[in-house]
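**Q** Right, I'll just put the structure down here and ask away after.
Bear in mind that the values in this text are calculations on the coordinates, not laboratory data. Not measured: the values here are computed from a predicted model. FYI the Cβ positions are ideal-geometry reconstructions off the backbone, even for glycines, and counts take in every protein chain you see.
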Amino acid sequence: MKLRTEIPHTPLNRLIGPRDSIMLLGSCFTEHIGEWLQSSWLDVMYNPWGVLFNPASIALSLQRCTSDDWPQPQMVQRNGRYYSFEHHSCISAESETALLDLIYQTDQRARPYATSADHLLVTWGTAWVYERNGQVVANCHKAPASEFFRRRLSVQEIVEMWSPIVQQRHVVLTVSPIRHIGDGLHGNQVSKATLLLAIEQLQERYPEQVDYLPAYELLNDDLRDYRFYAEDLVHPSPLAIEAVRELFTDCACTQDLQQYLTEARPLVKTLQHRPSDPTSAEYQQLLAQTSARRDQLLAKWGVRR
């Protein structure tokens, strides 16, 4: 008896290898994969501007990062700190000047990946956006609702803003399975459908550049039991996150990268372990041995550091 509508783990058109550089952007779902790959010592940068949910804000961040002439972002002061409406709240400072300097430094760190990464992995969370003074914002930062106009991006808008981006690189697009309950269940479904239709059109236009990873379908059509969700019944549980990692490994990684991740996993776990006495001679010896094995592994697979 078949009890699941299992999602086929079909390889992407272009796979990621252990020597490749990867930039990951988007919703908090992106962070699960980005943190895992970075902790495995791959050449990865994820969400340098914080968590971004809508396609417009992600596209604007890439454009700003790769441009030498970009207008100063709109800012707001709250509780003695300044925030940019183009960034997540993790990007803040004690003055406007300090905030602009932080944004500049962040863009400079991100630029090599934004312009030259072998793969761009992007997770879109919602097609709903808030506009302030005619500009889509990445975060409202608890400013009065009267300052914003809420609308849903169209499929065509998303396709047009992302076409220049995907023409220049390999892009893996995915839709976050996390439901935006604040939009209402119907509003959430319409939003997700908009994102999926935009991805389909981008794939049709640029079949060599655009791949799609079906993480959305994995959680919503396959792993439909609530044991795959956290206590809020919206975010994925650790078990579901592990299933997404398996989907990513099977669909997006070369055989070399799959083998590398298998060999790296026990070393990562050892180095992440927090001993009761980190100063003990036994632990220091284990740490040195594991670090040496890590360096050997990186050299074996030619991983860039």
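**Q** Reachable lysines from residue 269, Cα under 20 Å, same-chain residues fewer than 8 places away excluded?
**A** Straight-line reach from residue 269, under 20 Å: 300.
**Q** First obtain the Kirkwood hydrodynamic radius of region 21-255 from its Cα pairs, then insert it into the Stokes-Einstein equation at 20 °C and 1.002 mPa s, and state the resulting D in µm² per second as a whole number. Working shown, then result.
**A** On the way: Rh = 18.4 Å.
Approximately 117 µm²/s, per Stokes-Einstein.
**Q** How would you rank 149-159, 205-215, highest first, on the average number of other Cβ atoms within 10 Å across their residues? Show your work: numbers first, answer last.
**A** Numbers: 149-159: 15.6, 205-215: 18.4.
Going by the mean number of other Cβ atoms within 10 Å, highest first, we get 205-215, 149-159.
**Q** When the chain is treated as a GNM, springs tying every alpha-carbon pair under 10 Å, which of 74, 272, 258 comes out with the largest mean-square fluctuation?
**A** It is 272.
**Q** Further, regarding this structure: How far apart, in nanometres, would the label points at residue 100 and residue 150 be if each is projected 7 angstrom from Cα along the Cα-to-Cβ direction?
**A** Distance between label points: 3.3 nm.
**Q** What's the ranking of 285-298, 11-24 by average number of surrounding C-beta atoms within 10 Å, highest first?
**A** Listed from highest to lowest mean packing, they are 11-24, 285-298.
**Q** Sort 184-190, 62-68 by the packing proxy (mean of other Cβ within 10 Å over each peptide's residues), most packed first. Please list the in-between numbers first.
**A** Working: 184-190: 13.1, 62-68: 15.0.
Peptide ranking by packing, descending: 62-68, 184-190.
**Q** Can you classify region 48-131 as rounded, prolate or oblate using the Cα gyration tensor, where a ≥ b ≥ c are the square roots of its eigenvalues, rounded means a/c under 1.5, and otherwise it's prolate if a/b beats b/c and oblate if not? Show your work: numbers first, answer last.
**A** Numbers: a/c = 2.00, a/b = 1.29, b/c = 1.55.
Oblate shape, in that a/c is at least 1.5 and b/c is the bigger or equal ratio.
**Q** Tally Lys/Arg at +1 and Asp/Glu at -1 over every other residue whose Cβ is under 11 Å from the Cβ of residue 202; what's the total? Could you put the intermediate results ahead of the total?
**A** Working: positive: 205; negative: 160, 200, 204, 211.
Residues near residue 202 contribute -3 overall.
**Q** Taking only the alpha carbons of region 1-148, what extent do you get along each of the three principal axes, in Å, biggest first?
**A** Largest first, region 1-148 extends 57, 38, 25 Å along its Cα principal axes.
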